[in-house]
Amino acid sequence: MKVHVLGCWGAYPEAGEATTGVLVEHGGQRMLIDCGSGVLAQLFQRVAVPDLSAVILTHHHHDHAADLGVLTYALLLSRLQGTRTQKLPMYMLDGPADRMKELRSEPLIDLHVVGPSDALTLGGMHIRFTPTVHPVPCMAVRIDTGDASFVFSADSSWTDGLVELATGASLFLCECSMYRGQERDAVAVGHMTAPQVGEMAEQAGVGHLVLTHLPHYGDHGQLVAQAKAAYAGRVSLAATGSTYEV
Ligand SMILES: [Zn+2]
């Protein structure tokens, strides 16, 4: 399984970059998780519209969903040009009525409204979710392929459910929105600080922790140091274009 980080910023993208988007490749499948601002420009460097296998959306905040509308347009043009005839399965929690209506209006989109405790299998990928703690309904994602496992936290405050989902994961891509000392602010907005993320990785016993959903201030090196203080394993910072073989 290959995991490509298409964007790593919380809230809005820095120049030339993107907010949340992850491309997962396995067994010929190319699955996009989240479709934030600037994500399509990064995605299309690796996968063309006709070759995308599925989309999972963790929640309906703009920094995870802003490019969904233009993905709908890309599918429309692909359909009109005849370059794609297969429907694109999209899995997500129920969301804003206008967005759901728009997604349902494109014939090439096969929209599946899932529950946060559902599971599905795509190609050789066994996928399950768990609800996170966030101001809007949100789900973390776990993908198991038999010999590897990848967990993406989506957005969340601390929750034992996320520890459980991440337990034993080869790769844990976890939101890390704030620094030590901001724990109260983090809970208020449904996010985690670096020490909490490190503690979560330690409790879950993951193989490799990658920090994402990064803040636009401070020194990201401090995020790594603060996570490492609680977690004995390998810690990396996500970056646009980084790829992890799991
Ligand atoms: Zn969010």
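Nothing in this text is a laboratory measurement; each read-out follows from the coordinates by a stated rule. Quick caveat: nothing in here was measured; it's all calculated off a predicted structure. Backbone-built Cβ (ideal geometry, glycine too); neighbour counts: all protein chains shown.
Some notes on this structure:
- Per-residue extension of 0.36 nm, minus the Cα-Cα distance of ALA225 and ARG180, leaves a gain of 15.2 nm for this segment.
- On full extension, the segment bounded by ASP160 and ALA148 gains 2.1 nm, given 0.36 nm per residue less the C-alpha separation.
- Fluctuation leader among GLN86, GLN196, GLN45 - the chain, Gaussian network, Cα springs under 10 angstrom: GLN45
- The order of the peptides 141-150, 114-123 by mean Cβ neighbours within 10 Å, most packed first, is 141-150, 114-123.
- Projecting the Cα atoms of LEU108, HIS59, LEU71 onto the dipole axis of the chain, where Lys and Arg carry +1 and Asp and Glu carry -1 at the beta carbon, places LEU108 farthest toward the positive end.
- In the range 44-164, the inverse of the mean reciprocal separation of distinct Cα atoms equals 15.4 Å; this is its Kirkwood hydrodynamic radius.
- Fully extended contour minus Cα-Cα distance, from LEU77 to ALA188, at 0.36 nm per residue: 35.8 nm
- Model label sites at ALA15 and GLU245, defined 7 Å from Cα along the beta-carbon direction, differ in position by 3.5 nm.
- Candidate cross-link partners of LYS228 among the lysines, defined by an alpha-carbon separation under 27 Å and a same-chain spacing of 8 or more, comprise LYS2.
- Sequence-ordered 3J(HN,Hα) estimates for the range 14-29 from the Karplus curve with 6.51, -1.76 and 1.60 and θ = phi - 60° stand at 5, 3, x, 10, 8, 7, 6, x, 9, 9, 10, 10, 7, x, x, 8 Hz, glycine and proline given as x.
- Global geometry of the range 144-241, whether rounded, prolate or oblate, following the gyration tensor of its Cα atoms and the 1.5 cut on a/c: prolate
- If you bin all the Cα-Cα distances of the chain at 10 Å, starting from zero, the percentages per bin are 8, 35, 38, 16, 3, 0.
- VAL49, VAL22, VAL235, VAL70 arranged by Cβ crowding within 10 Å, fewest neighbours leading: VAL70, VAL49, VAL235, VAL22
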